[in-house]
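Below is one structure, written out as structure tokens, with a few remarks after it.
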Amino acid sequence: MLTQIHISNLVTIQTLHLDLISGTTVITGETGAGKSILIDAIELALGSRITGNLVRAGQEKADISICFDVSKLSSARAWLKNYDLDTETNECIIRRTITSDGRSRSYINNFPSTLQPLRELSELLINIHGQHEHQTLLKPEKQREILDRYAGHFDLVDKVHTYADEWQQLNNQMTELRARADEHQSRSEFLKFQLHELEELQLHPDEFQTLDLEHKQLAHADELLQNINHTLSLLSTNDEANALQMLNQALTALETVQRVNPKISTWIESLKNAIIHISDTEDDLQRYLESIELDPERLQQIEQRISVIFELARKHKIAPQELYDLQQKLSAEFSELETSDERLSELAQQLQTIEKNYFSVAEKLSNSREKSAKKLNVEITKIIHTLSLPHGQFKIDLEKETQRKITAYGLEKILYQIKTNTDQTLQPLNKVVSGGELSRIGLAIHMTTATQHTIPTLIFDEVDVGIGGGTAEIVGKLLRQLGESHQVLCITHQPQVAAQGHHHLLVEKSQLHAATQTNIKILSEKEKIAELARMLGGIEITKKTLDHATEMREKINA
């Protein structure tokens, strides 16, 4: 339930704070006073698009805060908990600031939020019926949405949508495979030729790198032998002087004077380590020397093998070391093409399973829609009769497709039909009703489906436009009745509607220091009668008008 609204520096509002309670609250005021600004502020706080400059003249930013009690809203509490935005107080405070350059920031329970999650949350907190919303009733998708929302079978709707998406994706894959059948044949022949060349080469993983290394060793065998022998000579094999001999002589010299200075022992250890490292290196070099071969025949074989590899690599325009990976890639593609018939068979089986699941769920959805449509037909027709259409009849037609098709929305088209007179036949909504009739039918639909909302706060923004007299009084009674189970806010120009409110807010516009200012106040019982009299009588309020207003309130309070 919406409990508080705080607004500062929004258009003509300087500062406004309202505490709201349950029941039906009517909002009235002179034409042009800015009655819709309160609803606009709520919609802005909940993430609606910013249009124009909304910041009060001379100010840097506007600030809107609205507070909801979510103690009885399990879905909203679950949403907040999922985003780690829940509080121990069961309050949800939504705030939005708008700067004069059009930028805005939003917060949920003091945590910054983007507009998308804010809009998700708003759908769990409040439902707003605008004065032009009945025009959307002419759209088939809106008619389907209203019926599904009334029925509450959201799980079935989601499953139908999911199965339809999966079916479409698989069907597209099958269509693509079939369309490429001829292309597959020519591609398969081409791959077969390329693979034959590669397979004849009998290339092994990393073979080129191994051959390249061996080639370098064989090609430079003389140079390697000469330099390694020279290195061994310097290290150990030269009888006249070598590194190991000199290091051992240096070690002996230091050991002789080790007793003179303890520090010499550190140098002795360093020399011993050096001798060990050089000895190890000598052994490694000796083993490597033994492995070096002067093998011109092997060198020629390797050069021939490398030449073949280079030639094939140039043909495929890749590096030689990439040939083996190319062979694996082409082989995988060839196997996939060769098994395309098997893949088609697998897809067909999957498609059959999805079709079976889809039609099973879609039929359940159809049955639920049919059951709910019958109930909704009766309830809407009943309300239409009270709105100066005593012979009207409303009917939701579930038009089955002649062929069972898989669509994202089920097995039938949903069409709202109406007749306003006994001698008429039922026809689609957009072909029969006038603007005034559509407004009343729209209101009847809103009123009927609103009772199904788990959302406790409903706002009706001048949905009573185009009606008056006894019909307006009935609308007021319906809104008051709705207020017994929901929190209802209603902007109205009709005194018959305003008289039915449990609570009454008056919107007034004034001039202060050449600046326009909008104020909203909660009316006492006496002030309610005065406002009703103004709505009934216009500029001149007579005693008769006041008596009429008093009578309207007394009838309700009786």
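Readers should treat all values here as calculations from the given coordinates under stated rules, not as data from a laboratory. Model, not experiment: these values are computed from the prediction. Every residue, glycine as well, gets a Cβ built from its backbone with ideal geometry; the counts of neighbours run over all protein chains shown.
Taken about its Cα centre, the chain carries a charge dipole of about 4820 debye when Lys and Arg each add +1 at the Cβ and Asp and Glu each add -1 at the Cβ. Rounded to the nearest Hz, the phi-derived 3J(HN,Hα) couplings of the stretch 24-41 under the Karplus curve 6.51 cos²θ - 1.76 cosθ + 1.60 (θ = phi - 60°) are 9, 10, 9, 10, 10, x, 4, 4, x, 6, x, 4, 6, 5, 5, 5, 4, 5, where x marks glycine and proline. Listed by chain and number, the lysines placed with their C-alpha closer than 18 angstrom to that of LYS526 are LYS543, LYS544, LYS555; residues fewer than eight positions away on the same chain are left out.
The distance between label points at THR175 and ILE21 comes to 6.1 nm (points 7 Å beyond Cα on the Cα→Cβ vector).
Computed over Cα pairs, the Kirkwood radius of the chain leads via Stokes-Einstein (0.890 mPa s, 25 °C) to a diffusion coefficient of 75 µm² per second.
What FRET efficiency comes out for the pair GLU120/ARG314, r = Cβ-Cβ distance, R0 = 45 Å, nearest 0.05?
Numbers: r = 59 Å, r/R0 = 1.30.
My answer for the efficiency is 0.15.
Per-residue 3J(HN,Hα) values for the stretch 155-172, derived from phi via the Karplus relation 6.51 cos²θ - 1.76 cosθ + 1.60 with θ = phi - 60°, read 5, 5, 4, 5, 5, 4, 5, 5, 4, 5, 5, 4, 4, 5, 5, 5, 4, 5 Hz in sequence order (x marks Gly and Pro).
From the helices alone, meaning DSSP H stretches of at least four residues, give me the mean residue ellipticity at 222 nm for the chain, per-run term -39500 (n - 2.57), in deg cm²/dmol to the nearest 500.
Using -39500 (n - 2.57) per qualifying helix, the result is -18000 deg cm²/dmol.
Annotation: extensible slack from LYS216 through ARG298 equals 28.3 nm (criterion: 0.36 nm per residue apart, minus Cα-Cα distance). When each of the peptides 402-408, 311-317 is scored by the mean number of other C-beta atoms lying within 10 Å of its residues, the order from highest to lowest reads 311-317, 402-408.
Which of the peptides 342-353, 253-264, 54-65 is most tightly packed, and how do the rest follow, judged by the mean count of other Cβ atoms within 10 Å per residue? Spell out each step's value before the answer.
On the way: 342-353: 13.0, 253-264: 10.7, 54-65: 17.4.
The most tightly packed comes first, giving 54-65, 342-353, 253-264.
Number of Lys-Lys pairs in the stretch 183-338 under 26 Å by Cα, sequence gap 8 or more or different chains?
Details: LYS192/LYS315; LYS192/LYS317; LYS192/LYS329; LYS216/LYS315; LYS216/LYS317; LYS263/LYS272; LYS315/LYS329; LYS317/LYS329.
Number of lysine pairs found: 8.
Site pair GLU322 and ILE276 shows an inter-label distance of 4.8 nm when each label is modelled 7 Å from Cα along Cα→Cβ.
Listed by chain and number, the aspartates and glutamates placed with their C-alpha closer than 14 angstrom to that of LYS375 are ASP148, ASP397; residues fewer than eight positions away on the same chain are left out.
Put a dot 7 Å past the Cα of ARG49, heading toward its Cβ, do the same for ALA78, and the two dots end up 3.2 nm apart.
Fully extending the segment from ALA250 to LYS431 would add 53.7 nm, taking 0.36 nm per residue of separation and subtracting the current Cα-Cα distance.
Estimated from the Cβ-Cβ distance and a Förster radius of 51 angstrom, the FRET efficiency linking LYS413 and LEU289 is about 0.05.
Looking at the stretch 500-529, which trypsin sites (Lys or Arg not before Pro) are in a loop (DSSP not H, G, I, E or B) and have at most 14 other Cβ atoms within 10 Å? Walk me through the intermediate numbers first.
Working: sites: LYS509, LYS521, LYS526, LYS528; in loops: none.
Qualifying residues, ordered by number: none.
Full extension of the chain between ILE264 and ARG149 yields a length gain of 32.0 nm, computed as 0.36 nm times the residue separation minus the alpha carbon distance.
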